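What follows is a short report on a single structure.
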């Protein structure tokens, strides 16, 4: 057949009208096996039980390849199952529409059509079907027909390792691995009469990253999350009520745009220190700490009334006689959780006598797991990596920087955190100046939302950016499913590719 004739390629469901042609093809391909083809009764049973799982690919009307599959309850089978067991003696009575795994029964491409990447189309269809049916993944026992050439010198495990290192060429196994299937176990005695493989098979699996465990409860977890960042203007406030009124204005505005989060900057309440400017700097910051409980109580009320999760930036807090830089996550369901600045800056320690905290954790929200690091903490990659290991999808960084140099440190380190941890990072800071507040003279900020750098994201890794040094809000939508896809299929996989055989990161 000439190349130019191979024009009409179609993927269609297998029908009984295709059987005779299919039988001839199977006899050619499986000539070395005792039973080299499925009978008409077998094919009819598969189509009747699960028509969507039986497909053929045709080129100019001629069958070029085929894929057969069933759905099984995977836990019903041990990880040492055989082909006969998984098909219940070739009756396919193991198929159930209530199962959780798509199991591959057969897949092949006729020799004269190989090299056209038709096999990839069959595997892609299976993956799409698996996702559409919300199954955990795909599994099948892959033959290793070249193993008989090495069976006297290599165990199946050694053979597979050499194939993976490209020391041995196994086109079947190489093709399956290149299609994102990972070997999970050696199955002995898998297919009776498969002498070429020594009756061994490799259990190959593909995980559906979009799988959601069925839940009778109404699911409220969002996949598209709208982030609202407050680029706060430092201005004088005579009373706490005035500051809270301005904060509510921003929360109201973000809620009006249906934002899921409102992120405030670090020390956004610093203007209230003006009334204590006659005190020493350590005393003034401790007076400011007396407002923290009232602010959090009000923020929690606002999070409920405006239906938005509020990240309070940070503020000083006294605990057991020590001064800390802390913030609170006020969820819209009314719950509140505390976070701490782990690394205080030299200035915070020297001028105010502030202590570094010790609490580090992720927070569950109705939009997935989030992490929060206050300003300087973003410059220590170990912290965000520990949060990433706990499943963090979005990292929030409230910050306060007085110079462009300080801002650049926070900005560039936060962007690095997005790349290395395969997550979104939102940073929010304050702008303007407070000439009547010691140690808070001026601020420089440009709030931003960062993404990983891969094809599904902006090429420069910046989802959204505010105007530098201007009071405003910044709103951006982030897609959590894109992170799942990146984790599995990204151009690089920073989390997966870590050399944990050489190093590890753990808490003390």
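Here, each number is a calculation from the coordinates, and none is a lab measurement. Quick caveat, the model's predicted, so the values are computed rather than measured. Using ideal geometry, Cβ is built from the backbone for each residue, glycine included, and neighbour counts are taken over all protein chains shown.
What ranking of 155, 378 emerges when the number of other C-beta atoms within 10 Å of each C-beta is taken as an exposure proxy, fewest first?
Lowest to highest Cβ neighbour count: 155, 378.
Grab the Cα-Cα distance for residue 192 and residue 249, subtract it from 0.36 nm times how many residues apart they are, and report the gain in nm with one decimal.
Using 0.36 nm per residue and subtracting the Cα-Cα distance, I get 13.3 nm.
Quick one: helix 118-132 against the long Cα principal axis of the chain, what's the angle to the nearest 10°, folded into 0 to 90?
Once rounded, the angle reads 50 degrees.
For the chain, what does -39500 (n - 2.57) per DSSP helix run (n ≥ 4), summed and divided by total residues, give at 222 nm, in deg cm²/dmol to the nearest 500? Kindly include the intermediate steps, with their values, before the conclusion.
Working: 12 runs with 134 residues, N = 508.
Rounded to the nearest 500, the figure is -8000 deg cm²/dmol.
Please say if segment 277-406 is rounded, prolate or oblate, where rounded means a/c under 1.5 for a ≥ b ≥ c the square roots of the C-alpha gyration tensor eigenvalues, and otherwise the choice is prolate for a/b larger than b/c and oblate otherwise?
Numbers: a/c = 2.03, a/b = 1.25, b/c = 1.63.
The shape class here is oblate.
Can you sort 117, 331 from fewest to most other Cβ atoms within 10 Å of each residue's own Cβ?
So the residues, fewest neighbours to most, are 117, 331.
Over the chain, what relative contact order in percent results from Cα pairs under 8 Å that are six or more residues apart?
Relative contact order, the chain: 10 percent.
Once each part is reduced to its C-alpha centroid, what is the distance from segment 354-379 to segment 471-508 in angstrom?
16 Å
If packing is taken as the mean number of other Cβ atoms within 10 Å per residue, what is the order of 380-389, 409-418, highest first?
Values: 380-389: 18.1, 409-418: 21.0.
Per-residue mean Cβ counts within 10 Å order the peptides as 409-418, 380-389.
Please report the spacing between the Cα centers of segment 220-293 and segment 64-103 in Å, no decimals.
Here the two parts' Cα centres lie 58 Å apart.
If you average the sequence gap of Cα pairs under 8 Å that are 6 or more apart and divide by the length of segment 224-489, what percent do you get for the contact order? Kindly include the intermediate steps, with their values, before the conclusion.
On the way: 614 pairs, mean separation 56.5, N = 266.
Answer for segment 224-489 is 21 percent.
How far is helix 404-421 tilted off the main Cα axis of the chain, in degrees rounded to 10, range 0 to 90?
In the chain, helix 404-421 runs at an angle near 20 degrees to the longest axis.
Which whole number of Å³ per residue matches the convex hull of the alpha-carbon atoms in the chain?
Considering the Cα atoms of the chain, their hull volume per residue is 189 Å³.
On a 0 to 90 degree scale, rounded to 10, what angle separates helix 480-489 from the longest Cα axis of the chain?
50 degrees
Order these by the 10 Å Cβ neighbour count, fewest first: 324, 19.
On the way: 324 22, 19 18.
Result, fewest neighbours first: 19, 324.
Pairs of alpha-carbon atoms within less than 8 angstrom and 6+ residues apart define the contacts here; what relative contact order does segment 166-265 have, in percent?
22 percent
Send over the Kirkwood Rh of segment 3-207, from the inverse of the averaged 1/r over different Cα pairs, rounded to one decimal Å.
17.5 Å
Return the Rg/Rh value of segment 224-489, two decimal places, where both radii are evaluated on C-alpha atoms and Rh is the Kirkwood radius.
Taking Rh as the inverse mean 1/r over Cα pairs, Rg/Rh reads 0.94.
Quote the FRET efficiency, to the nearest 0.05, computed for residue 305 versus residue 479 with a Förster distance R0 of 35 Å and r equal to the Cβ-Cβ distance.
Numbers: r = 28 Å, r/R0 = 0.80.
For residue 305 and residue 479, the calculated efficiency is 0.80.
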